Amino acid sequence: MFITLQITIIFSLFFLLLAVRYIQKSNSEFADEIGLGRGIVALLGQSIGLVTFLASSQASYEYGVIGLLGYCLAGLASFLFIYMLLKSNDTMSNHQRDILGAFSWLYQMENIIIAILAGKMIFNLFYGLNFIIALCMLVIFYQFIILARNKKRYPGSLLIVILSLITTVLIPTLVYLRVSVPTVYSGVNFLATDMLILDEPATWLIVFVLCIRFLAHSLLNENFWGIYSKIKKSKRALSFTISSFIWMFLPLSIGTLSFVAKASAVWPALTDEVSFNVVQQFGGQFGVALLVVTLMVIMFSSISYYVVDPGYGRAIKSGTVIIAVLISVLLPDLTILDVMFYFSFIWAAMVPIFSVKNISISPSIAWIAVCASAASGIYFMTQQGLMMGIIIDFLLASCLTVIFAVVRGVKH
């Protein structure tokens, strides 16, 4: 069975690569301006990641309905915030470019750690990974690097969007054909009534924390700035609005698998593996293959673009990868949602400083301000919990940003 699964996944990736190659040859990259359709595809291609499929189900598994709705609302809000920010500030100032250069390696480190954790889940499905299968995977990954060198992101974005939409429609369908909705509802009511609680104000703070995280990743992703500038002005608002609602459907659909897990007494070793465990048990071989292929395409695409990105030197790339691997090895119980939350101490301090265009501070001063705010947030985390620590971190950084702006105004 597992050999058949491995061969199915490899052939699927191979034919998808052929399809992308064909699209690249028959389509040019973005012209001076793009319309609504291409704008939506481009935005979704930058927004759909591994966390869309893995962290959403983990959030709903740990926090119930609040976690699922909070995750979706945070993504929706971050789309709207990044649009309003780009609308008022569609070009980066020198200050913002300096901040981007100072913190982008942390942005990449978070992505690499998440890719490593997702990779561990994927390759656990293969059990005995023989030499031939491993070699085929390396060859496919090298082909993704070649595609990234062509610097045509639209075909890759189109492939990720299509695969993601297919996956989020078919996988829950396959699961609920095996486990009926009434069975899930009665199982949750019997085994996990805490998942249905909605009147916990402290838990709703997850919306604010995840919104900061999503917004920070959008700000640090320079492709968002380029895509915004290429979309026709009359289509920008509609492109971001439609993209946000399409994106929200993906975690909303996959996140429901956690309720199947609780209702069917599926207990994952680590909570970020819940969607994998449910698909393995109820989705059949086709469901497993579809989920793995989608995640591998997203993972290989993101890593390959990082490998060929000229903005990072070889030493920075190597150091970032080494640190990410060490963190993953030394913290074997680390989950994807943990990574998102812990890095949010940096993002909560960075977002206010980055968002204001007209302040002139050096990257070293920005680092000091971010580290001071993050340290204060971590201290308050030990006293009042994770969510409150991140929020206090954000508020302190906002106060420091106001002080920097006032000092600059006085000087001028």
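Annotations for the structure displayed:
- Residue within the stretch 181-190 that is within 25 Å of the chain's Cα centre (by Cα) and either assigned by the TED database to the domain that holds Phe249 or closer than 29 Å to Ser47 by Cβ (or both) present: no
- Contacts under 9 angstrom Cβ, first residue in the stretch 168-183 being open to solvent by 70 Å² or more (accessible area, probe 1.4 Å), partner modelled with pLDDT under 90 and not in a helix (DSSP H, G or I), 6 or more apart: Thr183/Ser264
- Of the residues making up the stretch 305-334, just one is among the aromatic types (Phe, Trp, Tyr) and either in the same structural domain as Gly385 (by the TED database) or assigned to a loop (DSSP other than H, G, I, E, B) (or both), namely Tyr312.
- Residues of the stretch 357-393 classified as within 27 Å of Glu222 (Cα to Cα), in contact (Cβ under 8 Å) with a residue 60 or more places away in the chain and either open to solvent by 30 Å² or more (accessible area, probe 1.4 Å) or among the small types (Gly, Ala, Ser) (or both), total: 7
To keep it simple, each residue is scored yes or no on (1) within 17 Å of Val161 (Cα to Cα); (2) assigned to a helix (DSSP H, G or I); (3) at pLDDT below 85; (4) not assigned by the TED database to the domain that holds Ala192.
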position	(1), (2), (3), (4)
Ile7	no, yes, yes, no
Ile10	no, yes, yes, no
Leu17	yes, yes, yes, no
Val41	yes, yes, no, no
Ala55	no, yes, no, no
Phe79	yes, yes, no, no
Asp90	no, no, yes, no
His95	no, yes, yes, no
Asp98	no, yes, yes, no
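- Residue match in the stretch 335-352 (condition: part of a helix (DSSP H, G or I), touching a Ser or Thr at 6+ places or on another chain (Cβ under 6 Å) and open to solvent by 10 Å² or more (accessible area, probe 1.4 Å)): yes
- Pairs, first aromatic (Phe, Trp, Tyr) in the stretch 266-289, second open to solvent by 30 Å² or more (accessible area, probe 1.4 Å) and not in a helix (DSSP H, G or I), C-beta under 9 Å, six or more apart: Phe282/Ser264
The values are calculated or read from the model by the stated rules, or taken from the named source; none is laboratory data. Quick caveat: nothing in here was measured; it's all calculated off a predicted structure. Please note: Cβ atoms are built from the backbone with ideal geometry, for glycine as well, and neighbour counts cover all protein chains shown. We work out accessible area using only protein heavy atoms, side chains counted, and drop any ligands, DNA or RNA first. Shrake-Rupley method; radii C 1.70, N 1.55, O 1.52, S 1.80 Å.
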